[in-house]
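Engineer: Have a look at this one.
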Amino acid sequence: MAAGGFCKLPNGTVVVALNLPRPPAAGSGSVRVLVHAQNRARALTRLRNLGMRAVYLRGNGEPPTPDEITAVLHHPDGLIWRTAPGADACAAELWHPIRALMRRTATPQGF
């Protein structure tokens, strides 16, 4: 189960933050993923459509911080990630678009 939470914005949309295990092809550890959507269900659907099938949000234990909300609102895709806070995380790491994480997990196809 992923740790995370959500925050409802004044315009009715939500920002969902989840700590997920990093895909094996992209390294070890975990990542913090932020999603901006119309509601929580749509936010989770956006992640599931990217191949993260077992993503669920139970509770609101780790909601997004104001800085995280600002970061996801200013990104054109509304879907970003970085290394999850912890012992091995760099405090100055910038946010990455989700396609950068998905590109790392794709295996090259040989002929």
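The values are calculated or read from the model by the stated rules, or taken from the named source; none is laboratory data. Just so we're clear, the structure is a prediction, and the values are computed from it rather than from any experiment. Here the Cβ positions follow ideal geometry from the backbone for every residue, glycine too, while neighbour counts run over all protein chains shown. Accessible surface areas use protein heavy atoms only, side chains included; no ligands, DNA or RNA. Shrake-Rupley method; radii C 1.70, N 1.55, O 1.52, S 1.80 Å.
Engineer: Any chance the stretch 62-77 includes a residue that's of a type in the set (D, E, K, R) and modelled with pLDDT under 80?
Structural biologist: Narrowing the stretch 62-77 to residues of a type in the set (D, E, K, R): 62, 67-68, 77.
Pick out the ones that are also modelled with pLDDT under 80 and you get none.
The answer is no, given that none of the residues of the stretch 62-77 is of a type in the set (D, E, K, R) and modelled with pLDDT under 80.
Yes/no matrix, rows are residues, columns are (1) crowded, with 17+ Cβ neighbours inside 10 Å; (2) of a type outside the set (K, R):
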{"residue": "L34", "(1), (2)": "yes, yes"}
{"residue": "R46", "(1), (2)": "yes, no"}
{"residue": "A54", "(1), (2)": "no, yes"}
{"residue": "N60", "(1), (2)": "no, yes"}
{"residue": "P64", "(1), (2)": "yes, yes"}
{"residue": "V72", "(1), (2)": "yes, yes"}
{"residue": "A92", "(1), (2)": "no, yes"}
{"residue": "P97", "(1), (2)": "no, yes"}
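Engineer: Take the residues in the stretch 1-32 that are in a loop (DSSP other than H, G, I, E, B) and modelled with pLDDT under 90, then tell me which one is least open to solvent (accessible area, probe 1.4 Å). Quick ask: steps written out before the conclusion?
Structural biologist: Applying the first criterion (in a loop (DSSP other than H, G, I, E, B)) to the stretch 1-32 yields 1-2, 9-13, 22-23, 27-29.
Checking which are modelled with pLDDT under 90 leaves us with 1-2, 22-23, 27-29.
On the way: M1: 181, A2: 17, R22: 35, P23: 32, G27: 37, S28: 99, G29: 43 Å².
Among those residues, the one meeting the criterion is A2.
Engineer: Inside the stretch 50-72, can you point out the residues that are in a helix (DSSP H, G or I) and within 13 Å of the chain's Cα centre (by Cα)?
Structural biologist: Of everything in the stretch 50-72, those that are in a helix (DSSP H, G or I) and within 13 Å of the chain's Cα centre (by Cα) turn out to be E68, I69, A71, V72.
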